[in-house]
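To start, the structure under review is shown below, and the notes come after it.
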Amino acid sequence: MTIAALADQLTALDAAGLRRSRRLLQSPQSARVKVDGREYIAFCSNDYLGLAAHPELVAAAGRGAAEYGVGAGASHLILGHSEPHHAAEQGLARHVGLPRALLFSTGYMANIGAVTALVGRGDAIFADRLNHASLNDAALLSRATFRRYPHCDLEALERLLTGSGAGRKLIASDAVFSMDGDLAPVPGLLALAQRHDAWLLLDDAHGFGVLGKDGAGALAHFGIHSERIVYVGTLGKAAGVFGAFVAGTDEVVETLVQRARSYIYTTATPPMLACAVLRSLELMAEEQWRRTHLHRLVEGVRDGLARLRWRLAESQTAIQPLLVGENAQALAVSDQLAERGLLVPAIRPPTVPQGTARLRISLSAAHDEDDVGRLIDALCEISGRHA
């Protein structure tokens, strides 16, 4: 492909309102940020508990750097697996109520590693159509048969499972869907996994830290336990740090240690981050007010925006998508909010289906009621102009 062909592709993205650009963050991640030289109230991060710049996490990372250095220097299986990594894995397993956990560098790598280690040629993966891109890419890399079912449609999933003669079966689903904010029907998914002798992989990137007692995530929220569950959580969202983990039975996790290429063939994350993760787990349990406050803000947004011409998706989580429809209009509304000092991203295809461009409002325990009030007032005013 020539440079001219690449330029034509970029021009086509511009014409369709699909070209992305990066803002320059000049402050710590928080509800109030400095971006491109201007102060904003941000409704666009996944820092759901407001921990990303918490001074105790900063201090824990600093102590870890002082004791263990900045870089891990090797992969986990060579000489990169430090005491903080080991302690963080044990703490994460306890927190989510599973026997064992394994650290990964990112959530993307965790999904790739878990799926490709557990299934392959001759096996089958059954995935919700709105799953995160990393789960889709993992399915393709695994070389297993890849079947997608309509969003949260348990009947359609059961038909696919019934008709499959695959050796191993893996049901894969987000626990909280990142662009819609709704919860997967986890108990129903587990029931199907048990009925059809399948694994159930849950990507709880947006539920870990927010749902369940002490922020233990979707499993605690639904009160379920099973050896069939492969649980994936991320540490760069509600936990406020960086990285990810996979938790499950000892046999599952040991299989990943031996076979997950995205674990084996990469340098371990800095030990200082594992030190911060350990403190984050303690804060999740100690500071219950963060989840209580967050849920109160969610209720406030849903009440305040209920009468807009644009519809809020059916979400009770910190992700509140406002469905605008057309790409250009979603971008225009986002720009008008930015003019008022409010950052809310416009999410467009291919991240979401055609015709469902939206504003993805992300709430954090670091927001206060006045922040949410400003957002509601601004959207009501802008909605009137677009009527």
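All of the numbers you see were taken from the coordinates with simple rules; none came from a lab. In this text, all values refer to a predicted model and were calculated from it rather than measured experimentally. A quick note on method: Cβ atoms are made from the backbone with ideal geometry, for glycine too, and the neighbour counts reach across all protein chains shown.
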*Please list, in chain and number order, the residues 5+ apart from VAL324 or on another chain whose amide H is under 5 Å from its amide H, with Hs placed from the backbone.*
ARG358, LEU359
*Residue-span extension gain [ARG22 to ARG63] - 0.36 nm each, minus C-alpha spacing*: 11.6 nm
*Which residue fluctuates the most in the chain, going by a Gaussian network model with Cα springs under 10 Å, if the choices are ASP203, ASP368, ASP14?*
ASP14
_Which of LEU25, LEU200, LEU192 ends up with the largest GNM mean-square fluctuation for the chain, with Cα atoms connected below 10 Å?_
LEU25
*Please give every one of the lysines within straight-line cross-link reach of LYS213, meaning a C-alpha to C-alpha distance under 28 Å, and leave out same-chain neighbours fewer than 8 residues apart.*
LYS237
*Packing rank of 269-279, 46-56, 327-337, where each peptide gets the mean count of other beta carbons within 10 Å, highest leading*: 269-279, 46-56, 327-337
*Tell me what the chain gives for mean residue ellipticity at 222 nm when only DSSP H runs of n ≥ 4 count, each as -39,500 (n - 2.57), the sum divided by the residue total, rounded to 500 deg cm²/dmol.*
-13000 deg cm²/dmol
_Quick query: amide H of LEU308 versus all other amide H atoms, modeled in the peptide plane; which residues come in under 5 Å with a sequence gap of 5 or more or a different chain?_
none
_I'd like the distance separating the alpha-carbon centroids of segment 82-116 and segment 190-224, in whole Å._
15
*Any idea how far apart GLU56 and GLN329 come out in nm if each label point goes 7 Å out from Cα toward Cβ?*
4.6
_Dipole magnitude (debye, nearest 20) for the chain, charges at Cβ of Lys, Arg, Asp, Glu_ = 740
*For ILE3 and ARG32, calculate 0.36 nm times their separation in residues minus their Cα-Cα distance, and state this gained length in nm to one decimal.*
6.4 nm
*Roughly how big is segment 310-387's charge dipole about its Cα centre, with Cβ charges of +1 (Lys, Arg) and -1 (Asp, Glu), in debye to the nearest 20?*
360
*Whole number please: convex hull volume per residue of the Cα set in segment 55-286, in Å³?*
103
*Can you figure out the FRET efficiency of TYR265 with THR351, using R₀ = 30 Å and their beta-carbon distance, to the nearest 0.05?*
0.60
*Tell me, what HN-Hα J-couplings in whole Hz come from the Karplus equation 6.51 cos²θ - 1.76 cosθ + 1.60 at θ = phi - 60° for each residue of segment 25-40, using x for Gly and Pro?*
7, 10, 8, x, 5, 6, 5, 10, 9, 10, 10, 6, x, 10, 8, 9
*For segment 238-245, just list the computed ³J(HN,Hα) in residue order, Karplus coefficients 6.51, -1.76 and 1.60, θ = phi - 60°, integers in Hz, with x standing in for Gly and Pro.*
4, 5, x, 10, 6, x, 7, 8
*In terms of modelled amide H atoms, which long-range or inter-chain residues lie less than 5 Å from the amide H of ALA127?*
ARG147, ARG148, TYR149, ALA172
*What list of ³J(HN,Hα) couplings, whole Hz, do you get for segment 206-219 from phi and the Karplus terms 6.51, -1.76, 1.60, once you set θ to phi - 60° and write x for glycine and proline?*
9, x, 4, x, 10, 8, x, 4, 6, x, 6, x, 5, 5
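Summing +1 for each Lys or Arg and -1 for each Asp or Glu, what net charge is found among the other residues whose Cβ lies under 11 Å from the Cβ of LEU13?
With Lys, Arg at +1 and Asp, Glu at -1, the neighbours total +1.
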*Theoretical gain in end-to-end length, GLN194 to HIS86 [0.36 nm per residue, Cα-Cα removed]*: 35.7 nm
*Residue (of ALA313, CYS275, LEU10) at the positive-pole extreme of the chain, dipole from beta-carbon charges*: LEU10
*Go ahead and set up a Gaussian network model of the chain, Cα springs under 10 Å, then flag whichever of ALA313, ALA139, ALA244 fluctuates most.*
ALA313
*asked:* What distance in nm lies between label points placed 7 Å from Cα along the C-beta direction at LEU13 and LEU141?
replied: 2.2
